[in-house]
Every structure is written in structure tokens, then in C-alpha cells.
Amino acid sequence: MAPRVRFAPSPTGYLHVGGARTALFNYLYARRHGGRFLLRIEDTDVERSSADMVTGILDGLRWLGITWDEGPEVGGPHAPYFQSERLERYSAAADRLVASGHAYACYCAPERLRGEREAAEAKGEAWKYDRACLALTPERLAELRAEGAPHAIRFKVPEGTVSFNDAVHGPIAFEGATIEDFVIRRSDGYPTYHLSVVVDDAEMAITQVVRGDDHISNTPKHVLLFQALGAAVPEFAHVPLIVGTDKKRLSKRHGATSVLEYQKAGYLPDAMVNFLALLGWAPGDDREVMTREELIASFALEGISGGNAVFDTAKLDWMNGQYIAALDDAALLATVTPLLETAGLWPLAAGSADRSEAWLLTLLGLLKPRAKRLTDFLEQARPFLTDTVDYDTAAVEKHLSPAHTREQLAALIGALRGVEPFTEPGVEAAVRGTAEALGIKAGALIHPTRVGIIGKTTSPGIFESIVLLGRERTIARLEHAQSFSAVGA
RNA sequence: GCCGGUAUCGUCUAGGGGUUAGGACACGUGGUUCUCAGCCACGGGACCGGGGUUCGAAUCCCCGUACCGGUACCA
């Protein structure tokens, strides 16, 4: 039987990296085994859920290229895929469980229970629902029912051990005695998470539940529910959490947590996918940079490690740099040009017709090995795409202010005027020749030149940069740069 | 407190009764060089602690410890 897995986010927040990785693992598993990957929106908490969050989650998944076979927008045989549209099913299931003796109505006032719980906690004691309503006499029950008294429905947790074999952790067992009779339907008629997730996983014929580690302790409840409902219990795989450098659950405190923020920050979706896949999972050999196809071909739940994983931005940056370096010309142009356009750096103003797309590609090619994130292109391309140069004060102070730079730059300007054609070898010869004539090292001339035309001390190779900028612009900038030089000497 | 999970370089991990405990990121050094990046080479760096089983334990068992998660009419 082809596996059926699902990602079931609650739209109470954006898609964070932890959720994205859980979705990715489900997706990889489905693709690996020719199964189906469903997306189900768990929006039973109407207060905290919102349509915007649903959109954000869908956009996040789409950006990462994690496509779903059934779910919102694509539909499927088990539609609807929004739990808010499936409420009758949960309610009916709760009724069935009451009828079969697996659950019972609870009329206890939530305030009373909360009070007792807090009192017990204050004394450092464990507290569990006392089953007061299970002890109600039939007469009293009939009375309450006749009054239409509000009530929740609780699952009657049986005695004995509940165990399951987790694909990541191996066998896990819980004693029924440690699990309280949990609510499955609230007094307002809405299901709790436990009920809705099990009813849907059963109805949607989910075969593997791959979800966060934080659900391990809910799992015995779910196993019990599947059994009481007469449904097949799926296999479970609890994947460890992604945490910050302080080992705590990832939160805003640690920086960006939404996958869409990573898009904005200049990360490529394939790099993100590759990085996320390796957080808590390894193929078993030394491969790290892997295509989506390789990821799919190698993925196995058993390869997921048991401990939490620290989200290491430095490695993400490296990974992203790998993917940027691998971009071919067409892809480079297609991914970077829109960013330049948004920043108003491209296309150039009317008077700059000498800068073609081929010219831009040359520039991007020079910048490519220097970029870790797409946003790096923006900053580094700026001096080549704008008419005015932003001069770094410290760089000017160090390389342009000395009195002798004025004459050195003057000499270089003169030499550049004579370069024909204005290509790299010619420019290089001019620069080196000028330095020699001045009796200084090439580097001593190159540094002020770089600051003069770029505005700062770092850039691609100086000869490529000069050629890219063109003779006129280079000379104009060098002339302007002379004004920083102290008069005299 | 109770229940559950986890523990290999700073980080992600491979491995696993006998290995020089492997790789990657980060870090350091050197090389290339006009800077930065890149690239290349080299280097430092780990099996949580204590018992046990065994000829031999990082690996298996037990006990601790630490960390994480759960402990709701949230999901």
C-alpha cells in the first residue's frame, strides 16, 4: 500500500523553520515511496486561527517547492481539508465513543478543576481529573441531561500499558494510570486537538504520522483513540525539535523563524531545503550538498536522529553560497535581476545604454563567488550601477587623503586615456606601467584606485572593475577622488 | 513534582564490542593575489559521569547528571 502522510499545521502563526522541516520530511517520505502527501489545516481554535496565516503557510511551502497532493486549493478525495469545515465529523465521533462506552460526559466546572489542579501543583503533587462525572448516578445524569447542562466529553483512559513503536525513537510505552481522562469535545461543541487529529488521520487513511517531538506524550492518547474508533493505528515518527543556540525552542529571540523571512533575507529555496533536510537527518554517508532528487532517493525515517538540532545560520550561509555559486547564467540573471529592479538599480537610466544585459551578467559573474546571500549582490553591485559613489570614510582617510595620491591618480588617468582597446590586458598594463613609472608597487596604486572608483577597500579585481565601469566613468571617478587628497607636497 | 525523550568536536552529523572515532560548517595557519571573497593545503577540536558485563566498552546493561518536551475544555 502506498503510504499516505500529512503535514497538519495550525494557522495560528506563520510557517516557521521547524514546521517547514516537518513538512519537508513528510514530503520527502511520500516522494521516496511513491505515496501521497496531504496538507490539512488544523484551524479548530477559531480564536487564534486566521486566513492570513493559512496563506502564509501555503506561500512558505510553495516557496520551498514542497508540493502537496491533497489539501487546500488542490482538493482531494477527503475534502474538505480545513478542520473548521469538518466539525460535524468530530462531534459525531465523540458521540460514538460515548455510545460505545469509551468516553463520557463531564459536567464539572472548569474553574473547579483548575482550582484543584493549581492547589495540587502548589503542593508539588501531580493532579489528574478525578473522574467525578464517571461516578454520577443514572438519575443525576438524566437530570443534567434534561436541563441541557453544558458538558465536555472525556475519553475514559483504560488501565494498562499503551505502547507504540516510533520510527525515530524505537519502542515507547506509557502507563494508562499516568494519563488523565482527557477532553475530546469541549462544552462549546468544538473538538480538542486529540480528537480531530485522530478522526482525520483515520478518515484520510494516514499511514505514517511524521510530526514534532513535542507530540510524543500525546501519542498514547491518540493510539487509544484510534483503537476505540476501530481504526488502524498509523506508524509514528517523532522528529526532534529545531532549537536556537541556547538550546531553547526557536523563537523571535533567535532571529528569523519564518521561512518567508529567509526568502526576504536572500536565501535560495533549494539551499533552504537542503539545509533543513540535514538538520536532524543524514543520508548515512558524507554527502551534504544534495539535489532534491538525491534527497528524495536517500530519505528514510530511520536516518532521523533523536536529539534536538541547533539551527546554525553560519552553515545555512555556506550552503546558500554553494547554491549561488552553482547558478548558471540564465538562473543568475533570473534570480538577481528582479532584486536589482526592486532596489531601483536596474535597468539603468537612459544615458547608460552602454550597459547591456551581457554587461550585467559579467558583473554578476564577478560578484557570484563573493555572495552568500542574494542581498549581497545588491550591496556589491551598487557602485557599478549608480552614478554617485558612497565613499567609506575610513577608506578615504587611509588611501585617498595622502598628498601624493593626487599626482598618482593623475598619472593613472593619463595612462587610462591612452588604453586602446579598453580591455583588461590593456588596463592592467596601464596600471602596472603607471606604478612603475611612479616608482611604487602596483598595490600602492591599486588601493587608492579601488577606493576612488568603488568607494571602499573591497571589490572584485581592479582591472575587471575598471573595464566594467568603462573609461569615462573610471576617469570621472578618479578625478573626483583627487579632491580628497591633501593639497601640497 | 510526575511522565516521556535525548546525550560523539563550538554546531550539524557518520560510525559503532578491538577504528589513528570519519565528514561538513565555523575557527586557526599557509599558498594563490591588487583588496575581499573564492579556491587549494595543513592544523587544533568530541564519544556527559560512575558502576557493571567482557580479554577488551565510546559502542551493551544499570544508576546518576544535564538538557529538551509534555503535564489545559491550546495545538
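Observations
- Test for residue A:34: is it away from RNA strand B (no atom under 16 Å from the Cβ), assigned by TED's automatic domain parsing to the domain that holds residue A:294 and not aliphatic (A, V, I, L, M): yes
- For the stretch A:141-184, filtered to residues that are among the aromatic types (Phe, Trp, Tyr) and near RNA strand B (Cβ under 8 Å from one of its atoms), the residue that is nearest to residue A:95 (Cα to Cα) is A:182.
- Of A:361, A:316, A:367, all but one fail to be away from RNA strand B (no atom under 16 Å from the Cβ) and either part of a helix (DSSP H, G or I) or outside the structural domain of residue A:3 (by TED's automatic domain parsing) (or both); the exception is A:361.
- Some residue of the stretch A:165-182 being assigned to a helix (DSSP H, G or I), in the same structural domain as residue A:60 (by TED's automatic domain parsing) and hydrophobic (A, V, I, L, M, F, W, C): no
- Subset of the stretch A:426-451 (residues that are under 40 Å from the mean Cα position of the chain (by Cα) and more than 9 Å from RNA strand B (Cβ to nearest atom)): A:451
- Within the stretch A:383-411, if we keep just the residues that are touching a helix residue (DSSP H, G or I) at 6+ places or on another chain (Cβ under 7 Å) and in a loop (DSSP other than H, G, I, E, B), the residue that is farthest from residue A:481 (Cα to Cα) turns out to be A:389.
- Any chance residue A:224 is closer than 30 Å to residue A:373 by Cα and in a helix (DSSP H, G or I): no
- Subset of the stretch A:193-214 that is without any contact (Cβ under 8 Å) to a residue 40 or more places away in the chain and within 11 Å of RNA strand B (Cβ to nearest atom) - its residue that is surrounded by the fewest Cβ atoms within 10 Å (Cβ to Cβ): A:214
- The listed residue being under 23 Å from residue A:366 (Cβ atoms) and part of a helix (DSSP H, G or I), out of A:452, A:414, A:433: A:452
- One residue stands out among those in the stretch A:68-103 that are of a type in the set (Phe, Trp, Tyr) and surrounded by 20 or more Cβ atoms within 10 Å (Cβ to Cβ): the one that is nearest to residue A:259 (Cα to Cα), which is A:68.
- From the list A:65, A:56, A:18, the one residue that fits, being touching a residue at least 24 places away in the same chain (Cβ under 8 Å) and surrounded by fewer than 18 Cβ atoms within 10 Å (Cβ to Cβ), is A:65.
- For the stretch A:95-131, a residue qualifies if it is within 10 Å of RNA strand B (Cβ to nearest atom) and either among the polar types (S, T, N, Q) or not in a loop (DSSP other than H, G, I, E, B) (or both), and the qualifying residues are A:105, A:106, A:110, A:111, A:112, A:113, A:114, A:117, A:118, A:120, A:121.
- Single residue of the stretch A:281-299 satisfying the filter (in contact with a Gly (Cβ under 8 Å, 6 or more places away or on another chain) and either in contact (Cβ under 8 Å) with a residue 40 or more places away in the chain or not in a loop (DSSP other than H, G, I, E, B) (or both)) that is farthest from residue A:317 (Cα to Cα): A:298
The values are calculated or read from the model by the stated rules, or taken from the named source; none is laboratory data. All values derive from a computational prediction rather than experimental measurement. Here the Cβ is made from the backbone with ideal geometry for all residues, glycine too, and neighbour counts use every protein chain on show.
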